[in-house]
Amino acid sequence: MTVFSRLLAFSGFAILALGVALPSFAREDDDLQKLIDSCTDGSNLFTIVVMEDNPPFSWATYTAGSAKKNVNAYGIGPLVMDELLKDAKVERFRYLKEEKRSDLENLALGDGEADATIGIQYTPKLDPQIQRDFIKPSFMANPIVAVMAKGREKKIDGVKDLYGLKGGMLIRDDLQKVFPSDLAPAKLKSTKEAFLRLRDGELDYVLMGYYTAKMDAKKFQVEDEVVISDKILRSINLFITLSGRSSCRILRETFDKKLKEITADKNKMGGLLYRVYEEYEKQNEGFPALQ
């Protein structure tokens with residue numbers, strides 16, 4: 001079975017069936033379209049912020065010759081977002097990037113820097129002072145598992161099995177919000193650091209998204225050195241959100257309807273994920289092995 005086949009088959013992930021199919025809706029009237037057009041007129045561009053290194057959900061590269069933060073965005077989130085924008089007839093937009101998931105909320109939404117974000121996780125600890133609309137349903141689930149060094153793997157069937165072990169988690173994933181605070185795993189800057197510290201025996205496990213672990217293990221050529229558990233310790237739904245400060249907040253209902261349609265189509269979502277996997281593999285062809 002190929003890596004991509006395993007990604008699709010893994011534990012019946014919710015990515016392939018997150019919504020209920022709805023009938024198609026005609027554009028309500030010209031007045032709605034005028035409101036949509038007005039939020040991106042003049043010098044305004046509909047601005048979306050993504051995480052810069054979080055495959056398959058999103059990753060970003062700088063656009064040659066562009067302003068410093070304008071990026072080319074890739075991943076399942078931007079592909080879905082492009083579908084929403086096309087359906088709403090929003091033609092003028094741009095992508096920006098942030099390093100950590102918490103920055104998507106604090107900088108993009110709180111400071112009003114962006115109209116939308118891709119990859120916000122809904123938890124009870126969300127800052128109530130930041131106004132945002134969650135576009136529903138979730139565009140993808142992020143199953144969190146334990147990644148361990150081959151030959152030194154531990155039996156981890158649940159969160160309780162993590163206690164007494166030396167663990168780590170990626171800073172960018174903001175997982176401290178969904179795991180017990182007394183676990184106190186080491187905070188890691190990247191999957192590269194995670195794989196190195198597992199190889200060197202410094203850590204017993206790293207908490208990581210299953211998809212990300214699979215894709216980056218291939219990228220860094222450590223597939224034969226790590227064990228990626230199939231026991232889901234947490235499953236986090238990731239959302240597209242609209243800023244409460246955005247003049248394009250009128251798009252919420254349009255986005256909701258289209259997203260339900262997209263996520264209810266298992267074949268479409270599977271096809272998008274396949275495109276993402278191929279693009280990531282193509283961009284990282286020849287990437288040096290972990291040293």
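Each reported figure results from applying straightforward, stated rules to the coordinates on display, with no laboratory input. From a predicted model like this one, the values you see are computed outputs, not experimental measurements. All Cβ positions, even for glycine, are placed from backbone atoms using ideal geometry, and neighbour counts span all protein chains on display.
Assorted remarks:
- The range 145-202: C-alpha gyration tensor shape, a/c 1.5 cut-off, then a/b vs b/c: oblate
- The range 142-234, relative contact order in percent, only Cα pairs under 8 angstrom and at least six apart counted: 51 percent
- Extension gain, Glu281 to Lys160: 0.36 nm times the residue separation minus the Cα-Cα distance gives 40.0 nm.
- Using a simple spin-label model with pseudo-atoms 7 Å out from Cα toward Cβ, Gln176 and Gln221 lie 3.6 nm apart.
- Cross-link pairs Lys260/Lys282; Lys189/Lys231; Lys219/Lys266; Lys219/Lys268; Lys136/Lys257; Lys100/Lys177 - those with Cα-Cα distance over 19 Å: Lys260/Lys282; Lys189/Lys231; Lys219/Lys266; Lys219/Lys268
- For Lys260, net neighbour charge (Lys/Arg +1, Asp/Glu -1) across residues whose Cβ lies under 14 Å away: 0
- Dipole magnitude (debye, nearest 20) for the range 142-234, charges at Cβ of Lys, Arg, Asp, Glu: 140 debye
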